[in-house]
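A quick write-up on the structure given underneath.
The values are calculated or read from the model by the stated rules, or taken from the named source; none is laboratory data. In this text the structure is predicted, and so the values were computed from the model without any measurement. Glycine also receives a Cβ, built like all others from the backbone with ideal geometry; neighbour counts cover every protein chain displayed.
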2 protein chains.
Amino acid sequence: MTERIETLPINDGFRMPGEYEAHQSCWLLWPERPDNWRNGGKPAQKVFTEVATEIAKSEPVTVGVNQTQFENARSHLPKHIRVVEMSNDDSWIRDCGATFVKNDKTGEIRGVDWVFNAWGGLVDGLYFPWDKDDQVARKMCDLEGYDYYHTDDFILEGGSIHVDGEGTLITTEECLLNPESGRNFPNLNREEIEQVLKDHLNLQKVIWLPNGIYLDETNGHVDNIACFAKPGEVILAWTDDTSDPQYELSKANLEVLEKETDAKGRKLTVHKIHTPSPILITKDESKGVDQIDGTLPRQEGDRLAASYANFYIGNKIIALPVFNDPKDQDAIELLTKLFPTRKVVPIYAREILLGGGNIHCITQQIPA
Amino acid sequence: MTERIETLPINDGFRMPGEYEAHQSCWLLWPERPDNWRNGGKPAQKVFTEVATEIAKSEPVTVGVNQTQFENARSHLPKHIRVVEMSNDDSWIRDCGATFVKNDKTGEIRGVDWVFNAWGGLVDGLYFPWDKDDQVARKMCDLEGYDYYHTDDFILEGGSIHVDGEGTLITTEECLLNPESGRNFPNLNREEIEQVLKDHLNLQKVIWLPNGIYLDETNGHVDNIACFAKPGEVILAWTDDTSDPQYELSKANLEVLEKETDAKGRKLTVHKIHTPSPILITKDESKGVDQIDGTLPRQEGDRLAASYANFYIGNKIIALPVFNDPKDQDAIELLTKLFPTRKVVPIYAREILLGGGNIHCITQQIPA
């Protein structure tokens, strides 16, 4: 039912659709590790349940879970959500899961199984080991019955890329071209990295933003700072506060986007989505996280990488992280305007943010 | 996608089809526990792979596997067999897995999740704990998207029953009416036990054979001694050797079968399938099994409960355990005659037998 394919998606007529194209289903993993999620993961599990429930209103949802949490996850999640055992080291399926590509002629779906090394391996990774995470992509394909491509020794997380479905990808130099990030660069140079992306996702153009969100522990994943609203239109996390380090980071990204054209030769329209005021870890929150050597600590006062750009585009909804911040409403209004066929569902997502990411990071769509 | 149903299958129009009716697919679990399977389960894994491969020739096969064995199972099993994580305490999915029932009008399939207590719990069970086994039925239903019935505190293993699909069930008193067996009797009496079976499998008649196979550690599961070849025809494990304790056990069963009628009022035709000569555990085999307090020991010289009746009826094959015994050929010929639309595939199954069961015990069909 599942086979590793040794050719390349681009040669087989497969492409990665934009997230706004129709989904067949969505996957999540259940959070639990107590050295990342406070209070044994219980507050996060509540929010993951809310995210899964909202997404399940317009597409089938499967939640993968470690054996020890099966009963608990099953009892929290609504019955129409499928729960399956899928061992993992943490719950960021956007990053460790498969990226799915589609052949528009035959309708066939295949997976791309990138190497996952916990955001930087022994150089700059966030925990060790990550072997269970690295198996997730293949297990998803096996369970769903999809053949899959494997990138040998090419390391990538799904959250470090966004595509428009028409041949254009956006990513960040901070992540993919960072020699300290424990990934492919400089073993592979920019052109070689572009080629792997083009071959596997069927692209003609890679747009390199310099930066991710300030202090993003993933080395600046693009999915926390920018995404496509549709081909030719990019949403960019932004602040007008020139004293915030985020200002210069976003401004440098904007300058690139204003100059660039996409694979079809279009100029890009940029929509600014304003970040909330800085959100810091409280003492209580910090105390709820197990202190473990080798896992990124969660210390009181640390600024979190909060961004409204980290939303999930479902078939009929936008699952939008909000933070009880005055900017929440601006984000809701902007996305309501940009996605007129979808309902924007705000979800108070501080608990996901505390774990190091947000709604987009914990979801992975399979195209219809 | 999956929901516990609080009504009864018989009232909802669901029945358990005969194993010879069309299958949608077959499930197995991957063997590994070193206190039951010799040499770390490696010889058994080879035979399980052979069984799965043969069955997969005429119906889709899924193999559930503990996380630690995923890579190994995936590498041994052919690509067209689906491998999914499913934690288990041992690999007897006939006994711990769901029994599937079907609504002939709507075509809907549902599971029946019996309580599993490792063949007798703390009274007479074969190992402790068995919590992962007991979750298998529900996980199968969740993964496949079937609703399921649950029998509250009624304990049953799928291998202790066989049905003809037309309202008749055969089972053994040695297992279901044994007050020392750590199951329902005598908390429930014979009539009450019959009622649970009738309600959940849609039966009008239960036929009670006195005995299972000599020394069968399951307390005499029927699937090691008798099964239906089709409605009205029963295959019974037999020996002509009057000095073998098996002789009296089989003879008592024959006497019942010759007197009984089935749910449709038919007399039963009995086909004798002759057991192989006694098979004993060798010193080498015994030494390969971890010695653990609380798990049934595998001692040199112990007689194994070998029987040809423990075969699996696939869509187009009979997966038949054989033992390099002169009686192998008789069994092949008998089953070739009784199942004219199927190919009898003999599989040298001593390694499964050493674990305490055989091919029927390690398989579980889902009706088409």
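Scan (1) surrounded by 15 or more Cβ atoms within 10 Å (Cβ to Cβ); (2) touching a Ser or Thr at 6+ places or on another chain (Cβ under 9 Å) for the single condition A:Ile279 breaks and write down its number.
It is condition (2) that A:Ile279 fails.
Name the single residue, out of those in the stretch B:140-164 being aliphatic (A, V, I, L, M) and not in a strand (DSSP E or B), that is farthest from the other protein chains (Cβ to nearest Cβ).
This residue is B:Ile161.
Where residues in the stretch A:116-139 are assigned to a loop (DSSP other than H, G, I, E, B) and not hydrophobic (A, V, I, L, M, F, W, C), which of them is nearest to the other protein chains (Cβ to nearest Cβ)? If you could, list the steps in order and put the result at the bottom.
Within the stretch A:116-139, the first condition is being assigned to a loop (DSSP other than H, G, I, E, B), and the residues that meet it are A:116-120, A:125-130.
From what's left, not hydrophobic (A, V, I, L, M, F, W, C): A:117, A:120, A:125, A:127, A:129.
Details: A:Asn117: 17, A:Gly120: 24, A:Gly125: 21, A:Tyr127: 17, A:Pro129: 13 Å.
Going through the qualifying residues, I end up with A:Pro129.
Among (1) exposed (fewer than 14 other Cβ atoms within 10 Å of the Cβ); (2) closer than 30 Å to A:Gly182 by Cα, which single condition is A:Glu285 missing?
With respect to (1) exposed (fewer than 14 other Cβ atoms within 10 Å of the Cβ); (2) closer than 30 Å to A:Gly182 by Cα, A:Glu285 is out only on (1).
Can you give me the number of residues within the stretch B:64-94 that are at the interface with chain A (Cβ under 7 Å from one of its Cβ atoms) and of a type in the set (Gly, Ala, Ser)?
Of the residues in the stretch B:64-94, 1 are at the interface with chain A (Cβ under 7 Å from one of its Cβ atoms) and of a type in the set (Gly, Ala, Ser).
So which residues in the stretch B:83-105 are among the hydroxyl-bearing types (Ser, Thr, Tyr) and in contact (Cβ under 8 Å) with a residue 60 or more places away in the chain?
B:Ser91, B:Thr99
Given the condition within 30 Å of A:Thr53 (Cβ to Cβ), within 14 Å of chain A (Cβ to nearest Cβ) and of a type in the set (Asp, Glu), answer yes or no: does some residue in the stretch B:6-14 qualify?
yes
Given the structure, is B:Leu29 crowded, with 21+ Cβ neighbours inside 10 Å, touching a Ser or Thr at 6+ places or on another chain (Cβ under 7 Å), within 14 Å of chain A (Cβ to nearest Cβ) and under 30 Å from B:Lys283 (Cβ atoms)?
When the stated conditions are applied, B:Leu29 passes them.
If you go through the stretch B:137-174 one residue at a time, how many are among the polar types (S, T, N, Q) and closer than 18 Å to B:Phe14 by Cα? Let's see the steps before the verdict.
The initial filter retains those residues of the stretch B:137-174 that are among the polar types (S, T, N, Q), namely B:151, B:160, B:168, B:171-172.
With the extra rule that they be closer than 18 Å to B:Phe14 by Cα, the set shrinks to B:151, B:168.
The number of residues fulfilling the criteria is 2.
Report yes if some residue within the stretch B:47-63 is crowded, with 18+ Cβ neighbours inside 10 Å, within 11 Å of another protein chain (Cβ to nearest Cβ) and within 17 Å of B:Asp133 (Cα to Cα); otherwise report no.
Among the residues of the stretch B:47-63, at least one is crowded, with 18+ Cβ neighbours inside 10 Å, within 11 Å of another protein chain (Cβ to nearest Cβ) and within 17 Å of B:Asp133 (Cα to Cα), which makes the answer yes.
Does B:Lys327 satisfy being in contact with a Pro (Cβ under 9 Å, 6 or more places away or on another chain) and modelled with pLDDT of 95 or more?
Criteria met by B:Lys327.
Taking the options B:Gln299, B:Gln291, name whichever one is at pLDDT below 95 and touching a helix residue (DSSP H, G or I) at 6+ places or on another chain (Cβ under 7 Å).
Residue meeting the stated conditions: B:Gln299.
Might you let me know whether the stretch B:29-50 holds any residue that is of a type outside the set (Gly, Ala, Ser), at pLDDT 95 or above and in a strand (DSSP E or B)?
Yes, the stretch B:29-50 contains a residue that is of a type outside the set (Gly, Ala, Ser), at pLDDT 95 or above and in a strand (DSSP E or B).
Quick check on my filter: what residues within the stretch A:72-82 are under 19 Å from A:Pro60 (Cα atoms) and touching a residue at least 24 places away in the same chain (Cβ under 8 Å)? Break it down stepwise before answering.
Step one: of the stretch A:72-82, the residues under 19 Å from A:Pro60 (Cα atoms) are A:73-82.
If the condition is that a residue be under 19 Å from A:Pro60 (Cα atoms) and touching a residue at least 24 places away in the same chain (Cβ under 8 Å), then A:Ala73, A:His76, A:Leu77, A:Pro78, A:His80, A:Ile81 are the ones that fit.
Name the one entry in A:Ala98, A:Ala118 that is out of contact with any strand residue (DSSP E or B) (no Cβ under 9 Å at 6 or more places or on another chain) and either of a type in the set (A, V, I, L, M, F, W, C) or closer than 18 Å to A:Leu296 by Cβ (or both). Explain how you work it out, then say what you get.
Working: A:Ala98 fails: out of contact with any strand residue (DSSP E or B) (no Cβ under 9 Å at 6 or more places or on another chain).
Answer to the check: A:Ala118.
If we scan the stretch A:3-24, do we find a residue that is closer than 15 Å to A:Val112 by Cα, at pLDDT below 95 and touching a His at 6+ places or on another chain (Cβ under 6 Å)?
yes
Tell me which residues, restricted to the stretch A:68-115, are within 14 Å of A:Asn202 (Cβ to Cβ), in contact with a helix residue (DSSP H, G or I) (Cβ under 6 Å, 6 or more places away or on another chain) and either among the polar types (S, T, N, Q) or in a helix (DSSP H, G or I) (or both).
A:Thr99 - this is the single residue of the stretch A:68-115 that is within 14 Å of A:Asn202 (Cβ to Cβ), in contact with a helix residue (DSSP H, G or I) (Cβ under 6 Å, 6 or more places away or on another chain) and either among the polar types (S, T, N, Q) or in a helix (DSSP H, G or I) (or both).
Out of the stretch A:317-368, which residues are basic (Lys, Arg), surrounded by 17 or more Cβ atoms within 10 Å (Cβ to Cβ) and assigned to a helix (DSSP H, G or I)?
If we filter the stretch A:317-368 for residues that are basic (Lys, Arg), which is where we start, we get A:327, A:337, A:342-343, A:350.
Now drop any that are not surrounded by 17 or more Cβ atoms within 10 Å (Cβ to Cβ), which leaves A:327, A:342, A:350.
Once the filter is applied, which keeps residues that are basic (Lys, Arg), surrounded by 17 or more Cβ atoms within 10 Å (Cβ to Cβ) and assigned to a helix (DSSP H, G or I), the stretch A:317-368 yields A:Lys327, A:Arg350.
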